[in-house]
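The values are calculated or read from the model by the stated rules, or taken from the named source; none is laboratory data. Because the structure is predicted, anything quoted here is derived from the model rather than measured. Quick reminder, even Gly has a Cβ in these numbers, built from the backbone with ideal geometry, and neighbours come from all protein chains shown. Keep in mind that these areas ignore ligands, DNA and RNA; they rest on the heavy atoms of the full protein, side chains included. Shrake-Rupley method; radii C 1.70, N 1.55, O 1.52, S 1.80 Å.
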Amino acid sequence: MSERTWRAFARRDGKKGIRNRVLVLYTVKCAEFVAQQIVSRSCHPDVELAGFDGCTDNQYAVNLLISLIRHPNVGAVLAVGLGCEYVQPEWLSAIAEKEGKPAAWMFIQQEGGTAKSVEKGLHWVQKTLEKLRDTPRVPMGFSDLVVGAECGGSDFTSGLAGNVVVGRFFDRLVDAGGTAVFEEIVEAVGLDGLLIGRAAGEQAAREIRFTYDKALEYCRRVRQYSVSPGNFAGGLSTIEEKSMGAVIKSGSRPIQGVIKVSCPPPRPGLWLLDSTPDPYWMQFGITNPNDTEGLMDLISCGAHIVFLVTGRGSVVGSAVSPCIKITGNAETFAKMPEDMDFDASPVLRGACGMDELAGRLADAVADVASGTPSKSEALGHREFFVPYKYQEKQVAFPKACPQ
Amino acid sequence: MEMTAFQIHPEDNVATALTPLHPGDVMLRGDAKTPSVRAVEEIPLGHKIALRGITQGEKIIKYGVPIGCATGDIPAGSWVHLHVMKSLYDERSSHLDVNTGAPKDTRYE
């Protein structure tokens with residue numbers, strides 16, 4: 001698996017991208033239409049929309065926008081603001097410039113309204129697409145790759161096949177020197193001993209313990225765990241059972257530590273992403289409101305490619321990084337052929353072994369990394385979600401109380 | 001149609017039904033120690049079948065880890081779900097409807 005290489009886009013910070021996107025970022029909902037028009041009228045698969053609804057800013061949301069600007073799959077950035085919001089398009093544009101990426105910004109109020117702003121933006125995007133043809137190319141392999149995984153729309157096959165093949169692939173990716181990120185700590189209930197037993201060191205163990213306790217304390221307090229009537233009707237009997245089916249996608253390698261949203265892992269290996277709010281805003285909810293948020297969180301941590309494991313089926317894709325959708329349900333794969341990328345069901349039929357299946361997934365990843373669009377990418381799915389949230393940038397250990 | 005179930009870990013005392021199960025022989029796939037188990041009742045697709053007799057208070061093992069404990073004696077080959085097991089954490093889930101998972105502790109008045 002470690003043999004395959006492809007041509008990547010070289011970034012000033014030394015990172016390598018598998019796409020060369022032009023990101024059109026709106027800084028408040030009021031600017032979304034203009035930004036969206038610029039994207040759709042450019043008629044180019046590498047031009048994408050993302051943004052924050054605002055208008056009041058929020059450090060978490062701004063960090064997320066910045067993480068997309070710095071993402072290695074992004075080659076250029078156009079920030080579009082209305083002109084009276086908190087989030088500053090000029091400062092976002094300056095960050096892109098510092099990264100050596102072509103960048104521009106505008107206020108719709110200053111440009112003189114919809115038509116003029118769209119015209120100006122479109123002109124800039126077209127010029128920039130030409131410029132991006134000269135982006136230097138470098139060889140890239142699995143050791144340079146960051147892959148994130150989450151699951152949604154799960155059924156009984158997710159924990160038996162879909163998540164299991166991701167775990168087996170993650171083991172190979174980590175062994176090849178690459179980086180793997182998994183999330184969903186609220187779906188790790190009962191597994192603290194298992195996760196901490198896999199910590200790469202003392203610091204990692206402390207980070208996992210704290211993050212697990214934070215999530216469990218929340219669930220206990222509100223008497224609500226991340227498991228629903230549909231899960232029970234489908235055969236899951238407890239949150240522990242659902243949790244193990246989810247955690248199995250992390251594979252078996254040591255966990256290097258816990259990272260937070262918008263904070264890429266400091267070194268390769270397997271990492272746990274904590275996307276839950278930090279305590280004092282905990283009453284605003286702890287689980288991801290939808291699958292797109294989970295994918296965005298992984299992308300904000302530098303994932304070049306994201307996996308969505310879904311037994312029941314899903315149609316979402318993602319801006320910035322291609323989404324590969326995996327199902328262990330043969331019926332789902334047959335029913336949604338233009339949306340589902342990878343069929344993990346042969347292992348349940350006994351038609352192939354897990355190692356062979358993980359090898360096939362590695363091939364699919366290398367294909368997408370080489371430029372082959374994933375199913376959602378080809379269909380034009382480029383979902384994004386940038387919410388308000390409160391979260392520290394490092395694991396927020398409580399301060400020691402004075403005696 | 002052949003009835004099959006999947007055992008994800010060799011130490012497990014339950015397996016997951018890959019087809020709807022009726023009383024009769026069920027072929028085991030995955031990391032199973034024996035080729036088959038005899039189902040003694042109807043078990044829906046995606047639900048669990050006991051691979052051996054499990055006594056009250058014993059842990060239910062899947063993926064090689066405890067996923068809850070038995071609230072009554074569970075005969076080999078029977079359906080393992082909310083009516084005979086409970087979470088070690090989530091106290092509410094053992095009071096849900098065994099077929100639909102719907103809550104029975106919220107009043108609709």
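When each of A:V316, A:V347 is tested for being open to solvent by 20 Å² or more (accessible area, probe 1.4 Å), closer than 25 Å to A:G235 by Cβ and β-branched (V, I, T), the lone residue that passes is A:V316. Inside region B:61-78, residues that are under 21 Å from A:S154 (Cα atoms), facing another protein chain (nearest Cβ under 10 Å) and among the hydrophobic types (A, V, I, L, M, F, W, C) make up a count of 2.
Every condition in (1) touching a Pro at 6+ places or on another chain (Cβ under 7 Å); (2) over 15 Å from A:L295 (Cβ atoms); (3) of a type outside the set (V, I, T) is met by A:P337 except one, and the failing one is (1).
Being at pLDDT below 95, surrounded by 21 or more Cβ atoms within 10 Å (Cβ to Cβ) and in the same structural domain as A:V365 (by TED's automatic domain parsing) is not true of A:G162. Step by step: first the residues of region B:80-109, then only those that are open to solvent by less than 30 Å² (accessible area, probe 1.4 Å) and of a type outside the set (S, T, Y), then the one that is nearest to the other protein chains (Cβ to nearest Cβ). Which residue is that? Of everything passing the filter in region B:80-109, B:G101 is nearest to the other protein chains (Cβ to nearest Cβ). Only one entry of B:K62, B:K33 meets the criterion of being of a type outside the set (S, T, Y) and open to solvent by less than 20 Å² (accessible area, probe 1.4 Å), and that entry is B:K62.
Any residue at all in region A:170-185 that's within 12 Å of another protein chain (Cβ to nearest Cβ) and under 16 Å from A:F342 (Cβ atoms)?
Residues of region A:170-185 that are within 12 Å of another protein chain (Cβ to nearest Cβ), as a first pass: none.
No; the residues of region A:170-185 include none that is within 12 Å of another protein chain (Cβ to nearest Cβ) and under 16 Å from A:F342 (Cβ atoms).
Selection of region B:42-73 for residues being hydrophobic (A, V, I, L, M, F, W, C), closer than 16 Å to A:F232 by Cα and out of contact with any Gly (no Cβ under 7 Å at 6 or more places or on another chain) yields B:I43, B:L45, B:I67. Just one of the numbered conditions (1) over 30 Å from B:N99 (Cβ atoms); (2) open to solvent by 20 Å² or more (accessible area, probe 1.4 Å); (3) of a type in the set (V, I, T) is not true of A:T276: (2). Remark: pairs (first residue in region A:227-253, within 7 Å of chain B (Cβ to nearest Cβ); second residue among the basic types (K, R) and surrounded by fewer than 24 Cβ atoms within 10 Å (Cβ to Cβ); Cβ separation under 8 Å; 6+ apart in sequence or on different chains) = A:T238/B:K86.
In region A:122-137, which residue that is open to solvent by less than 40 Å² (accessible area, probe 1.4 Å) and touching a strand residue (DSSP E or B) at 6+ places or on another chain (Cβ under 6 Å) is farthest from A:L82 (Cα to Cα)? It would help to see each step written out before you state the result.
Taking region A:122-137 and keeping what is open to solvent by less than 40 Å² (accessible area, probe 1.4 Å), we get A:122, A:124-125, A:128-129, A:132, A:135.
Add one more test, that the residue is touching a strand residue (DSSP E or B) at 6+ places or on another chain (Cβ under 6 Å), and what stays is A:124-125, A:128, A:132, A:135.
Values: A:W124: 18, A:V125: 18, A:T128: 22, A:L132: 27, A:T135: 31 Å.
So the residue we want is A:T135.
Rundown of residues vs (1) of a type in the set (D, E); (2) open to solvent by less than 70 Å² (accessible area, probe 1.4 Å); (3) closer than 27 Å to A:D46 by Cα, yes/no style:
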{"site": "A:T332", "(1), (2), (3)": "no, yes, no"}
{"site": "A:M340", "(1), (2), (3)": "no, yes, yes"}
{"site": "A:D355", "(1), (2), (3)": "yes, no, no"}
{"site": "A:A358", "(1), (2), (3)": "no, yes, no"}
{"site": "A:L361", "(1), (2), (3)": "no, yes, yes"}
{"site": "A:G371", "(1), (2), (3)": "no, yes, yes"}
{"site": "A:L379", "(1), (2), (3)": "no, no, yes"}
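Taking A:S40 as meeting all but one of (1) over 23 Å from A:A303 (Cβ atoms); (2) surrounded by fewer than 18 Cβ atoms within 10 Å (Cβ to Cβ); (3) polar (S, T, N, Q); (4) under 22 Å from the mean Cα position of the chain (by Cα), write down the number of the exception. Unmet for A:S40, out of (1) over 23 Å from A:A303 (Cβ atoms); (2) surrounded by fewer than 18 Cβ atoms within 10 Å (Cβ to Cβ); (3) polar (S, T, N, Q); (4) under 22 Å from the mean Cα position of the chain (by Cα): (4). Of the residues making up region A:93-109, those that are in a strand (DSSP E or B), open to solvent by less than 50 Å² (accessible area, probe 1.4 Å) and not small (G, A, S) are A:M106, A:F107.
Within region A:150-169, if we keep just the residues that are among the small types (G, A, S) and closer than 11 Å to A:I248 by Cα, the residue that is farthest from the other protein chains (Cβ to nearest Cβ) turns out to be A:G162. Among the conditions (1) in a loop (DSSP other than H, G, I, E, B); (2) surrounded by 21 or more Cβ atoms within 10 Å (Cβ to Cβ), A:P266 misses just one, which is (2). Of all the residues in region A:213-226, those that are under 25 Å from the mean Cα position of the chain (by Cα) and within 12 Å of chain B (Cβ to nearest Cβ) number 5.
Do you know which of the residues in region A:165-190 that are at positive phi and not charged (D, E, K, R) is surrounded by the most Cβ atoms within 10 Å (Cβ to Cβ)? Before the answer, list the steps.
Of region A:165-190, the ones at positive phi are A:177, A:184, A:190.
Filter again for not charged (D, E, K, R), leaving A:177, A:190.
Working: A:G177: 14, A:G190: 24.
So, considering only residues that are at positive phi and not charged (D, E, K, R), the one surrounded by the most Cβ atoms within 10 Å (Cβ to Cβ) is A:G190.
Figure legend. Inter-residue proximity from region A:89-116: first residues closer than 16 Å to A:V22 by Cβ and among the aromatic types (F, W, Y), second residues modelled with pLDDT of 95 or more and open to solvent by less than 30 Å² (accessible area, probe 1.4 Å), beta-carbon distance below 6 Å, spacing 6+ or different chains. Indicated pairs: A:W105/A:A79; A:W105/A:P89; A:W105/A:S93. For the criterion of being more than 8 Å from chain A (Cβ to nearest Cβ), open to solvent by 10 Å² or more (accessible area, probe 1.4 Å) and more than 13 Å from the chain's Cα centre (by Cα), B:T55 passes.
Just wondering, is there one or more residues in region B:11-30 that are free of Cβ contacts under 8 Å to residues at least 12 places away in the same chain, open to solvent by 40 Å² or more (accessible area, probe 1.4 Å) and more than 10 Å from every other protein chain (Cβ to nearest Cβ)? Before the answer, list the steps.
Of region B:11-30, the ones free of Cβ contacts under 8 Å to residues at least 12 places away in the same chain are none.
Looking for residues that are free of Cβ contacts under 8 Å to residues at least 12 places away in the same chain, open to solvent by 40 Å² or more (accessible area, probe 1.4 Å) and more than 10 Å from every other protein chain (Cβ to nearest Cβ), one finds none in region B:11-30, hence no.
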